[in-house]
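The values are calculated or read from the model by the stated rules, or taken from the named source; none is laboratory data. The structure displayed is predicted, hence computed values, not measured ones. Counting neighbours? That spans all protein chains shown, and the Cβs are built from the backbone with ideal geometry, glycine included.
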Amino acid sequence: MSTIHQQYLQIQIFLDYLQFEKRYSSHTIISYQNDLEQFFHFLIQQFDAPSLQTISASFVRSWLASLKNDDLSAKSINRKASTLKSFFKYQLKTGILTVSPMITINTPKIGKRLPEYVQENHINTLFNHVTFSDNWQGKTEKLVMQLFYATGMRLSELIHLQEVQVDAYQMQVKVLGKGNKERLIPIHPSLMQEIQNYIASKPQLDEPCNSLFVTEKGKPLHPRNVYSFVKKYLSYITTINKKSPHVLRHTFATHLMNHGADLNAVKELLGHSSLAATQVYTHNTIEKLKNVYKNAHPKA
């Protein structure tokens, strides 16, 4: 077997590991695959297809430098370097390699960017003053917006939410997050009643859909359509740059933190695997405290 075939075989084995053992999403796996194929294509062109055992840190640096020369952002370069780290770490785990070429690789620094979120008064405007159509589509869109803000769910989590995941007795929903990890999110009684009313009035079809949210034809919602109407409604109430379902997730977390929620509790509600991912929301809280101090303290 040629060196090139061996390399692509190892890529496929690694991707299978991510899919079947780590249970990564198809989107994430495609991203890993593209990064690895791009890297090994570079090695074929520039270094005559070296074997895995002979790939050195200098080869990796050459590739990262070429990406920088192509004006790729620091964030994208870091993601590709992270892909390589995971790939070579797996090669160590399986005994293909005894040392990773990534040990001495330094990635570009990325300036901290606070997540954008919608102000509380603007959220109140959305649900108290913005008009949603009085038909099935309007009811669906309003309830989707409410659930995004009330739970901090990811778009994929909400799209795949099933009726059986709604527990009206315990006032909670069971969410299946990244890596098929389950988490429970409490629901306010008034919102739970709206969910129950929505379920009761769903279109009656020969083949009913078990998804919580459906179109007027009884089909599951499409992510692109959800993204589109979320952007539309947010454009009515805010001028922030990003207007997406993920902004409502940021809004959920930021509002919790601003009202004194425990950081670990917010981590669990968001389904973060580490506290570091949640800590970014503390920065927004600090910014709010600075503004309060500036506006209220006589010596500020």
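Restricting attention to the range 93-111, and to residues there that are surrounded by 14 or more Cβ atoms within 10 Å (Cβ to Cβ) and not polar (S, T, N, Q), which single residue is farthest from residue 40 (Cα to Cα)? That would be 108. Counting only helices (runs of 4 or more DSSP H) wholly contained in the range 221-279, the ones carrying 2 or more residues that are assigned by TED's automatic domain parsing to the domain that holds residue 161 and basic (Lys, Arg) occupy 223-237. Residues considered: 91, 6, 33. Of these, the only one that is outside any loop (DSSP other than H, G, I, E, B) and at pLDDT below 95 is 6. Annotation: of all residues in the range 39-54 being out of contact with any Ser or Thr (no Cβ under 7 Å at 6 or more places or on another chain) and exposed (fewer than 15 other Cβ atoms within 10 Å of the Cβ), the one that is nearest to residue 97 (Cα to Cα) is 53.
A quick yes/no check of all residues on (1) touching an Asp or Glu at 6+ places or on another chain (Cβ under 7 Å); (2) at pLDDT 95 or above; (3) not basic (Lys, Arg):
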{"position": "180", "(1), (2), (3)": "no, no, yes"}
{"position": "197", "(1), (2), (3)": "no, yes, yes"}
{"position": "210", "(1), (2), (3)": "yes, no, yes"}
{"position": "213", "(1), (2), (3)": "no, yes, yes"}
{"position": "217", "(1), (2), (3)": "no, no, no"}
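Consider residue 24 carefully, then state whether it is outside any helix (DSSP H, G or I), aromatic (Phe, Trp, Tyr) and under 29 Å from residue 273 (Cβ atoms). Here the answer is yes, as residue 24 does meet what is asked.
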